[in-house]
Amino acid sequence: MSLSAILDAGQAEELAAGVLVAGVLPGLPDGHYIDGVGVPALSGERMESFDPSTAQAFARFAAGDVQDVDRAVAAARRALSGLWRRTTPAERGRILARTAALIRTHAAPLAVVECVDAGKRLAEARGDVASAARTFEYYAGACDKLQGHTLPLDTDHLAYTVLEPVGVCAQVVPWNYPLATLARGLAPALAAGCTVVVKPAETTPFTALLLAELLTEAGLPPGVCNVVTGTGAQAGAALVAHPDISHVTFTGSVPTGIDVMRAAASNVTHVLLELGGKSPVVVMADADVEQAVDGVFGAIFENAGQICSAGSRLVVARPLHEQMVQALAARAQALSLGHALTDPGLGPVNSAAQQARIAGHVERARARGVQVLTGGRVAADPASGRGWFFEPTLLDGLAPDDPAVRQEIFGPVLSVQVFDEVEEAIALANGTDFALVAGVYTRDFATAHRLARDLDAGQVYINEYFAGGIEVPFGGNRRSGFGREKGLEALRNYCRVKSVAARLS
Ligand code: NAD
C-alpha cells in the first residue's frame, strides 16, 4: 500500500505555508486503518478535525462505531494467530527499528500534522516525533530479550516459565501527546508479540493513522496494528468492552478511566490506567532559584499546561516565595501567543471545550477571592484574532483545600502554595487525590532523597523537571492510575507468564 501523500509532501515550510495562508493540509488519510489498508467507516460517517490555532476545520476523518471496531479486532485476532505469531523476535525487532528510521525520515510532515491537529508548538511537535522514533528504537532492542526462567524444583522435575504475548491489545490515546503517547504503548506491545487496535482522540486522529502506514512500510504484517478513529462514546467504548480484547492501555481523564475499567471488568480484561495529575514542584529554601524558576516555568507552560505530569502546583519555601512568583509572573507576561506553526512562546489549547474548562476553573477561583497574579483570561492569536488560547496564569497564596489546588485544570495555570517546614511541604505536596509525578529543587543531597522517599508519586524529578527518557518507567498512584509505561517495566503489560513443570522420571 502506498503512503498518504502528506508523508512525502516535502519540506515542513511548504506545508506550514499552506496551513497559514489557505488553512489547508492536503494529503492526509481519511479512513480507518484496518488489516494494512485505509478503509472508510462502514456507516460512511465522517467528522472534522480543527486547527486549534485558528479554530477552523482543516480535514475530515472516519467516524467509527462498533461495526468498525469489530472489523479491526477481527483483523487483529487473525494476525495474532497468523503471520505475527510466526515472525521471529529478531525480525520483530528489525521491523520496529525500521519504523524508528521511517519516523525520522518523515519527521518534518509528521511534526507539522501533530502541530496543526493538536495545536502544539512546532518545536514541541518535532520533539514528540523524535521521542516516538526513540521509543521504537528502544523497544526494537527488547524483542529478542524477553525470556523466561528455569525454576529450581528438584532433580526429578524440569520447570520453566515462558513469556507469551497477552493477545489483542487496545490503546486508547488522548489528544495532548497523540503520537508520543501512542508510541509508548504500541512499541512495547508489538515487541512482546501482541497485536493492537488503536483509538486516537477525536480531536487528534492523524498521526496514529500515519504511524500505522509507516509500520506497514517497515514490514509489519497486515492486521497487527489497526487504527479506528471516532468518538470515545462510539468507537472507544466499543473497543474497551470488546470480548476479544485481552489488555487495555488507557491514557486519559479519571472519569473516563473509571468507565473503561468498568467496561473491561465485564470481560475480565486487564487494564493499565494513565490518568490525570496535579503534580507539585517543591522548592526548598536552599534551591538554586534560577534553576527552579526555569524548571517550574517549563513544568507548567510547556504544551500550554496540557500535560498529565505538568508541574501545576508550586510548593515553595516562604523565603523564596516572593522572588519566585515575581520572576515567574514576569516571564509569563513576556510569553507571545501565536499560531503553533510559528513557534510562539505559548500555543493554543486543544479545543473550545478545553478552553472553556480552563476558563471555568479560573473564574470560579476568582469568585472565591483567589489572587490571580497574572493572566486569567481566554485569548486569541493576536495576528488573526482567532484560535483557542488561554493566558499564562498564576494563582497565588492558595489554601490546601482550594479546588485550584485539588482539581486538575489541564491548562497554563500554576497554583502556588507556601510552606515553612519540610514536613509541611511534604503534607502539601501529598495533599491531593493524584500522585503522578513530583519535582524537588534543593542543593541538599539528603533533603532531595528524603523528599524522593516521602513524596507519593510514580516518579520524582530532582533539580530538573521532566528529567528522564524512554528508559525511565512512568505511571501514577492513587487517582493518577496504576501500572507503568516506558522502560523495560512496560513490557510486563504485554507479556503473560506461563509456567511449565514436567516430571522427568
Ligand atoms: P478523555 O478521558 O476524555 O479521553 C481520552 C481518550 O479516551 C480519547 O481517545 C477518548 O476518545 C477516549 N474515550 C472517551 N470516552 C471513552 C469511553 N467511554 N470508553 C473508551 N474510550 C473513551 O481524556 P482527554 O480529555 O482526552 O485527556 C485529558 C486527560 O488525560 C487529563 O486528565 C490528563 O491528565 C490525562 N492524561 C494522562 C496521561 C498520563 O500518562 N497519565 C497522559 C496524557 C493525558
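Bear in mind that the values in this text are calculations on the coordinates, not laboratory data. Please read these numbers as outputs of a predicted model, since none were measured by experiment. Neighbour counts run over all protein chains shown; Cβ positions are idealised from the backbone, glycine included.
Given the Cα atoms of the stretch 292-341, and with Rh set as the inverse mean 1/r over their pairs in the Kirkwood sense, what is Rg to Rh to two decimals?
Radius of gyration relative to Kirkwood radius: 1.01.
Taking all pairs of different Cα atoms in the stretch 1-53, averaging 1/r and flipping that mean, what Kirkwood radius in angstroms comes out?
So the Kirkwood estimate lands at 12.9 Å.
Given Cβ point charges of +1 (Lys, Arg) and -1 (Asp, Glu) and nothing else, what value in debye, to the nearest 20, does the dipole of the chain about its Cα centre take?
With Lys and Arg at +1 and Asp and Glu at -1, about 1060 debye.
From the phi angles alone, apply the Karplus equation (6.51, -1.76, 1.60; θ = phi - 60°) to the stretch 434-442 and give each ³J(HN,Hα) in whole Hz, x where the residue is Gly or Pro.
Once rounded to whole Hz, the list reads 8, 7, 9, 9, 8, x, 9, 10, 6.
Percent of Cα-Cα pairs per 10 Å bin, from 0 to the last occupied bin, for the stretch 14-95, please list those.
16, 31, 25, 21, 7
Per residue, what volume in Å³ does the Cα convex hull of the stretch 268-417 take up?
Roughly 139 Å³ of hull volume per residue.
Mind computing the radius of gyration and Dmax over the alpha-carbon atoms of the chain? Å is fine for both.
When restricted to the Cα atoms of the chain, Rg and Dmax are 23.2, 82 Å.
Which percent of Cα pairs goes in each bin when the distances of the stretch 125-198 are cut into 10 angstrom slices starting at zero?
Histogram of Cα-Cα distances, whole percents per bin: 18, 37, 24, 13, 7, 2.
What's the long-distance tail for the stretch 105-243, i.e. % of Cα pairs beyond 19 Å?
In whole percent, the share of Cα-Cα pairs in the stretch 105-243 beyond 19 Å is 55.
With only alpha-carbon atoms in the gyration tensor, what are the semi-axes of the equivalent ellipsoid for the stretch 326-408, in Å, largest first?
Semi-axes, largest first: 24, 15, 10 Å.
Provide the descending list of Cα extents for the stretch 45-185 along its principal axes, expressed in whole angstroms.
In descending order, the Cα extents are 72, 36, 23 Å.
In deg cm²/dmol, rounded to 500, what helix-only [θ] at 222 nm does the chain give when every DSSP H run of at least 4 residues adds -39500 (n - 2.57) and the total is split over its residues?
-11000 deg cm²/dmol
May I ask for the Kirkwood hydrodynamic radius of the stretch 256-308, worked out over all distinct Cα pairs and given in angstroms to one decimal?
14.1 Å
Which residue, G167, L153, Y177, has the largest displacement toward the positive end of the dipole of the stretch 80-207 when charges sit on each Cβ (Lys, Arg +1; Asp, Glu -1)?
Of the listed residues, the answer is Y177.
How tilted is helix 254-265 with respect to the longest principal axis of the chain? Cα atoms for both, answer in degrees (0 to 90, nearest 10).
For 254-265 against the chain, the angle is about 20 degrees.
Expressed as a whole percent, how much of the Cα-Cα distance distribution for the stretch 156-234 exceeds 19 Å?
38 percent
Please report the equivalent ellipsoid semi-axes of the stretch 89-151, computed as sqrt(5 x eigenvalue) of the Cα gyration tensor, largest first, in whole Å.
Over the Cα atoms of the stretch 89-151, the ellipsoid semi-axes are 31, 12, 7 Å.
Using only alpha carbon positions, build the gyration tensor of the stretch 199-277, then give the equivalent ellipsoid semi-axes as the square roots of 5 times its eigenvalues, largest first, whole angstrom.
23, 15, 11
Can you give me the convex hull volume of the Cα atoms of the stretch 390-505, divided per residue and expressed in Å³?
Normalising the Cα hull of the stretch 390-505 by residue number yields 178 Å³.
Would you mind checking K120/K498; K278/K486; K199/K278 for any pair whose Cα atoms are more than 32 angstrom apart?
Beyond 32 Å between Cα atoms: K120/K498.
Give the long-range amide H neighbours of G439: residues separated by 5 or more places, or on another chain, with amide H under 5 Å away, using H modelled in the peptide plane at 1.01 Å from N.
Placed amide hydrogens put V281, V282, Y461 under 5 Å from G439.
Two decimals, Cα atoms only, Kirkwood Rh: what is Rg/Rh over the stretch 67-113?
Ratio value, two decimals: 1.14.
Report the normalised scattering of the stretch 440-505 as log10 I(q)/I(0) at q = 0.26, 0.29 Å⁻¹, calculated by the Debye formula with identical scatterers on the alpha carbons.
-1.16, -1.23
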